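What follows is a single structure, written as structure tokens, with notes after it.
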Amino acid sequence: MRPGAARPRIAYLLRQYPQLSETYVRSEIDAIRVACDVLVLAFAPPDLPYVSDVPFKVSDDWEEVADVIADFRPHVLHTHWLYTIWDLDYFARRLQIPYTVRAHSFDVLIDPLHDYEEAVDLVNDELCLGVLTFPFAKPLLEQTGMREDKLVPCFPVVDYNLFHDETPNGDRVMNVGACLPKKQMEDFLDLAASMPDRGFDLYGMGYDTADITERNRDLGGPVTVLPSMPLDLMPSEYKKHEWLVYTASRKIGTVGWPMAVAEAQASGVGVCMANLRPDLHEYVGDCGFLFDSIAEAREIVSRPFPTELRAQGFEHARRSDVAQHKQLLLELWRPALQGASCSP
């Protein structure tokens, strides 16, 4: 760091914080805090909180939010989910602060041509430094008229170093994530019921967990439904498993590239995911499997996860390493840092 150079100041504007199921936000902030001072502002409290050591404030009073931002004097505003760009743009214009957005899956898969037509001018404006988006989503957003040079393709971010562990794994089968209809976790229960001699664990988070638990009881309890766990406890949980089966609703179709895939691969767990779209092959890689039916998933996970694919998975998961991806954000922010230093 140059002598006397100030650290960059980044203000996050989020819909809610700190939300346990949004590990991508936590992992990104933890990586960015190494090089920058971070303040988080959220418009609503979480429904599934965790303890955060990041300075944050929750308020739905936009005047108060504007005052807090002004007092913090950030070089850049940043948010997650493309549909929050209108909120971010309001504060950016009011305070004349540039901003960036990290898009995800469901916020793009809804209907970009219809839902983001009015966001095109915001993305293309000079106040917006860029939008990070998954590779499969970039062409969808370009079709709306968003400038190609404003859209930065990248994999989902996970704390690779937290999960990377090449020691032996257990033999159980797992699923993990927010219990939402789009995840169709009923399929996981049905799969478990069809394999009574295999151990199945569901790490469900909030939302419809009670309904899934009741259905599991009705089926005779083929799955162990575990309580929500903080991110720091999950690496040891992954190590108990040989396979991750990630279910999804074809009817809803908004499951994208879940972080659990990269976390599992970094942990030595085989990935078997619902085959919703062709782009998922890029994400799970040649070391992962896609299934079109419960019967096909059963056939896959009834076999040992091949050793050579496990080794490939460790390397494939590095594409989601937040320690590397943070450089994409730092590079986007560089024009706005006004003499601040991004080191280390």
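The values are calculated or read from the model by the stated rules, or taken from the named source; none is laboratory data. Just so we're clear, the structure is a prediction, and the values are computed from it rather than from any experiment. Here Cβ is always computed from backbone atoms with ideal geometry, including for glycine, and neighbour counts include all displayed protein chains. Side chains included, ligands, DNA and RNA excluded: accessible areas come from the protein's heavy atoms. Shrake-Rupley method; radii C 1.70, N 1.55, O 1.52, S 1.80 Å.
Along its principal axes, the chain has C-alpha extents of 61, 44, 35 angstrom, given from the largest down. Taking all Cα pairs closer than 8 Å and separated by 6 or more residues, the relative contact order of the stretch 161-267 comes to 42 percent. If each Cα of the stretch 148-228 is one equal point scatterer, what is log10 of I(q)/I(0) from the Debye formula at q = 0.12, 0.15 Å⁻¹? Debye output, listed in q order: -0.47, -0.65.
Among the lysines of the chain, pairs at least eight places apart or on separate chains and with Cα atoms under 24 Å apart come to 11. Working note: 222 nm ellipticity from helices only, DSSP H runs with n ≥ 4, each -39,500 (n - 2.57), summed and divided by the residues of the chain, gives -9000 deg cm²/dmol to the nearest 500. Solvent-accessible area per residue in the stretch 1-128 equals 42 Å², computed with a 1.4 angstrom probe and all protein chains kept. Couplings 3J(HN,Hα) for the stretch 280-287, derived from phi with the Karplus relation 6.51 cos²θ - 1.76 cosθ + 1.60 (θ = phi - 60°), are 5, 5, 4, 6, 6, x, 5, 8 Hz, where x marks Gly and Pro.
Estimated at 0.36 nm per residue, the fully extended path between Asp67 and Asp149 surpasses their Cα-Cα distance by 26.3 nm.
How many angstrom lie between the Cα centre of the stretch 182-199 and the Cα centre of the stretch 222-294? Centre-to-centre (Cα) distance: 13 Å.
When the surface is traced with a 1.4 Å probe over the full set of protein chains, Trp62 keeps roughly 90 Å² accessible. Apolar share of the accessible surface for the chain: 51 percent from carbon plus sulfur atoms, 1.4 Å probe. Placing +1 on the Cβ of every Lys and Arg and -1 on the Cβ of every Asp and Glu, with nothing else charged, gives the chain a dipole about its Cα centre of roughly 700 debye. For the peptides 229-241, 96-108, the ranking by packing is 96-108, 229-241, with the highest mean count of neighbouring Cβ atoms within 10 Å listed first. Other residues lying with their Cβ under 15 Å from the Cβ of Ile212 contribute a combined charge of -4, Lys and Arg counting +1, Asp and Glu -1. Across the chain, Cα pairs under 8 Å and at least six residues apart give a relative contact order of 19 percent. Using only the C-alpha atoms, the convex hull of the stretch 66-175 corresponds to 150 Å³ per residue.
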